[in-house]
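I have placed the structure first, in the form of structure tokens, so that the comments after it can refer back to it.
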Amino acid sequence: MKSLSKGDFEDFTAQLEGLISIYQLNAEKKVKCKAFSALCALETDLGAMWSTFSHIKDVSTVLNASSVGILEKRRGGK
């Protein structure tokens, strides 16, 4: 991870906490796997929706016109 190579332990800790929070479902392993798969699919769908507006450079236009606003790719657990 880039955080560790930079010595940014606060960011590294925040990413670990984010990854751990994904698995904090009170359910059996099969349900957790399905939930994680659903989150990955949602992330893919939101990325596809956002890509239709990614050519617009004006931030306020993107925020007002797009259905998802500004989307940043997930980094680790964030």
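The values are calculated or read from the model by the stated rules, or taken from the named source; none is laboratory data. All values reported here derive from a predicted model rather than from experimental measurement. In this analysis, Cβ positions are derived from the backbone assuming ideal geometry, glycine residues included, and neighbour counts consider all displayed protein chains.
Could you tell me how many of the residues in the stretch 5-20 are exposed (fewer than 12 other Cβ atoms within 10 Å of the Cβ) and without any contact (Cβ under 8 Å) to a residue 12 or more places away in the chain?
5
From the residues in the stretch 62-76 that are of a type in the set (S, T, N, Q) and either touching a residue at least 40 places away in the same chain (Cβ under 8 Å) or loosely packed, with under 10 Cβ neighbours inside 10 Å (or both), which one is nearest to S21 (Cα to Cα)?
S67
State which residue is farthest from L19 (Cα to Cα) when the search covers only the stretch 40-61 and only residues that are surrounded by 12 or more Cβ atoms within 10 Å (Cβ to Cβ) and modelled with pLDDT under 80.
If we take residues in the stretch 40-61 being surrounded by 12 or more Cβ atoms within 10 Å (Cβ to Cβ) and modelled with pLDDT under 80, then I56 is farthest from L19 (Cα to Cα).
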